[in-house]
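The values are calculated or read from the model by the stated rules, or taken from the named source; none is laboratory data. Keep in mind that this is a model prediction, so the values were computed, not measured. Virtual Cβ from ideal backbone geometry, glycine too; neighbours counted across all protein chains shown. Please note that ligands, DNA and RNA were not included when accessible areas were found on the heavy atoms of the full protein model with its side chains. Shrake-Rupley method; radii C 1.70, N 1.55, O 1.52, S 1.80 Å.
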Amino acid sequence: MVGSVACALLVARAGSAPDLTKGVGGIAAWLNDLTGECSEVRRDNDFTAFAGPVRAKVYEPFVAEWGTCVKEPYQRLGLIVLRPGVDEAWRKALARGEVRGDPDLAFGDGFALTGSIGMEHLGLKRLECTPDACSFVQIEHH
């Protein structure tokens, strides 16, 4: 019972949004407020080394800022402030055969996280794409 109450509280609080005027620090503060984790942002200049060459090619033009933090079960949860257009870029890369499937990001309004486990509790969405169209879909609790 306590777990379900805590989960319900987390979902209710997840309706809030990070302060993106503070960049990835705003995302980290939001996560810390919701979960008690992600208190320290780590920055690195090499997005390709973090995301991999295929994902970086598609994502990087739309990354305004990025960093990582620790939020279990992730030792390096990616925090990304996004410019508009990553959905269309992924769709085009899919149509050209450069990528397969859907992006492995959990999306908020103007930001994304690299994790998948537990993202449904944060009110984030996944991006489902075909070569013809993409749509953001609420992540459902499994």
From (1) within 12 Å of the chain's Cα centre (by Cα); (2) modelled with pLDDT of 95 or more, pick out the condition that doesn't hold for Gly123.
-> (2)
Residue in the range 80-88 that is more than 11 Å from the chain's Cα centre (by Cα), more than 24 Å from Leu31 (Cβ to Cβ), touching a residue at least 40 places away in the same chain (Cβ under 8 Å) and open to solvent by 60 Å² or more (accessible area, probe 1.4 Å) present = yes
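Check Val99, Val137 and return the single one that is of a type in the set (Val, Ile, Thr) and under 16 Å from the mean Cα position of the chain (by Cα).
Within the list Val99, Val137, the selection yields Val137.
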Give just the number: which of (1) within 22 Å of Leu127 (Cβ to Cβ); (2) free of Cβ contacts under 8 Å to residues at least 12 places away in the same chain does Leu77 not satisfy?
-> (2)
Being in contact with a helix residue (DSSP H, G or I) (Cβ under 7 Å, 6 or more places away or on another chain) and surrounded by 14 or more Cβ atoms within 10 Å (Cβ to Cβ) narrows Glu120, Glu65 down to just Glu65
Test Ala133 against the criterion of being open to solvent by 70 Å² or more (accessible area, probe 1.4 Å) and among the aliphatic types (A, V, I, L, M), and give yes or no.
-> no
